[in-house]
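The block underneath contains the structure these notes are about, expressed in structure tokens.
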Amino acid sequence: MPRLSTLPSIVRELLCSRTLQREPEPDLVMESGEQVDAYAQAGRIPGGMAAVYLFHTAQISKVIARSESVLDLACGPGTLLSQIAELNPSISFTGVDLSASMIDKANEYASERELPNVRFFIDDIARLDTVKNHSVGAVISTMALHHLPNYAALKSSFDQIQRVLKPNGSLYIADFTRLKSLKSVHHISYMNRRHQPYIFSLDTERSMRAAFLLEEFRGLVREMSTVRPQILSTFLVPLFVIIKTADHSLRKEQYGRLRDLRLRLPGRFRRDLDDMRLFFKLGGLKNDPFG
């Protein structure tokens with residue numbers, strides 16, 4: 001996540017003239033118990049990804065506010081989707097992931113949270129065999145597309161998004177983009193190493209090295225014909241990209257809940273959230289729901 005303490009990495013990125021070669025992750029589908037558990041725990045307060053998840057919960061809630069159904073591509077252990085579903089109880093959510101272990105963990109967590117508006121299926125996001133044409137009001141995906149094996153699979157996923165979305169549907173995609181400096185990748189991947197399992201920091205490094213280029217995302221957005229989202233990235237250095245359709249207003253109680261969740265974050269993670277808000281605001285993101 002962007003931090004003001006990442007400024008040395010930003011300088012390296014701006015001065016670097018080359019871009020790292022993409023290195024697809026060795027385990028494209030997370031199945032090992034240790035890996036799944038670490039990933040699940042990191043997104044829950046006070047886990048290392050809690051700030052990132054809260055940021056996306058707020059942004060996604062604005063985008064899907066007028067939708068009746070939402071499909072989450074590569075939902076993982078369901079932590080983020082469950083948080084979004086709690087904030088939006090009138091919307092029906094479906095999460096798909098290729099990992100059976102992740103789907104098991106997601107079902108377990110949603111059951112613990114007593115969420116009747118969430119269900120999960122095993123599916124390949126480049127195929128979406130379980131989803132009918134033009135059947136969902138919104139598609140979301142957060143920090144997952146870098147798990148795809150190659151650009152062809154990424155393009156297939158974008159084609160599937162257009163196939164399953166209803167006319168005038170909503171879209172929110174967020175992911176890493178590939179950096180230039182390996183030192184920057186290492187710095188960002190391990191900055192929270194004291195507060196999270198090593199395997200999660202290692203997975204972050206692998207994810208960043210497997211990320212697609214910002215220009216590749218821009219090209220796919222230009223090719224979209226059934227939906228016209230905007231594409232934004234973090235200020236100066238595209239550590240993250242967001243592809244999204246228009247925002248809608250939230251209810252008063254939703255704003256209050258988001259601000260309460262921010263205050264519940266431990267101080268270091270609240271700073272992560274606020275830095276992320278700043279980096280994206282400077283990159284052009286508007287309508288900050290945290291005030």
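May I ask you to compute the full-extension gain from TYR198 to ALA152, defined as 0.36 nm times their residue separation minus their alpha-carbon distance, rounded to one decimal in nm? Display every interim value, and only then the final one.
On the way: separation 46, 0.36 × 46 = 16.56 nm, distance 3.12 nm.
In short, 13.4 nm is gained.
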Amide H neighbours of THR234 under 5 Å, at least 5 residues apart or on other chains, H built in the peptide plane: list them. LEU239, PHE240
In what sequence, highest mean first, do 110-116, 278-284 appear when ranked by Cβ atoms within 10 angstrom? 278-284, 110-116
Full extension between ASN133 and LEU214 adds, at 0.36 nm per residue less the Cα distance, a length in nm of 26.4 nm
Taking amide H atoms as placed 1.01 Å from N in the peptide plane, list the residues 5 or more away in sequence, or in a different chain, whose amide H sits under 5 Å from that of ARG178. PHE212, LEU213, LEU214
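By DSSP, what percent of the beta bridges with both residues in the chain are antiparallel, rounded to the nearest 5? Don't skip to the end; give the middle numbers.
Working: 9 of 28 bridges.
Antiparallel bridges make up about 30 percent of those DSSP assigns within the chain.
Quick one: divide the alpha-carbon radius of gyration of the stretch 160-268 by 2.2 N^0.38 Å and tell me what you get. All intermediate terms of the calculation are to be shown ahead of the outcome.
Values: Rg = 17.2 Å, N = 109, 2.2 N^0.38 = 13.1 Å.
Against the compact-globule rule of thumb, the ratio is 1.32.
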Run the count for the chain, please: Lys pairs, Cα-Cα under 20 angstrom, 8 or more apart or on different chains. 13
In whole Hz and in residue order, list the ³J(HN,Hα) couplings for the stretch 70-75 that follow from phi through the Karplus curve 6.51 cos²θ - 1.76 cosθ + 1.60, θ = phi - 60°; x for Gly and Pro. 9, 10, 9, 8, 6, 6
Based on alpha-carbon atoms only, what is the radius of gyration of the stretch 125-177 relative to the globular estimate 2.2 N^0.38 Å? 1.10
Label-reachable residues, the stretch 48-74, where backbone N falls under 14 Å from a point 7 Å from GLN230's Cα toward its Cβ: 63
Neighbour-limited loop hits for chymotrypsin sites (Phe, Trp or Tyr not before Pro), the stretch 162-214 (at most 15 other Cβ within 10 Å; DSSP other than H, G, I, E, B): TYR190
SER170's amide H: which non-local residues (gap 5+, or another chain) put their own amide H closer than 5 Å, with H modeled 1.01 Å from N in plane and none for Pro or chain starts? ALA138, VAL139
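For the chain, calculate the relative contact order in percent as a whole number, restricting contacts to Cα pairs under 8 Å that are 6 or more residues apart. Show your work: numbers first, answer last.
On the way: 534 pairs, mean separation 74.9, N = 291.
26 percent.
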Contact order normalised by residue count of the stretch 138-268, Cα under 8 Å, 6+ apart, percent: 29 percent
Can you give the Rg to Rh ratio for the chain, taking only C-alpha atoms and Rh from Kirkwood? 0.92
Applied in sequence order to the stretch 121-130, the curve 6.51 cos²θ - 1.76 cosθ + 1.60 (Karplus, θ = phi - 60°) yields integer Hz couplings, x standing for Gly and Pro, of 9, 7, 6, 8, 5, 7, 10, 6, 5, 8
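Every number in this text was worked out from the coordinates using simple rules, so none of it is lab data. Computed from a prediction, not measured in an experiment: that's the story for all the values here. So basically every Cβ, Gly included, is an ideal-geometry build from the backbone, and we count neighbours across all protein chains shown.
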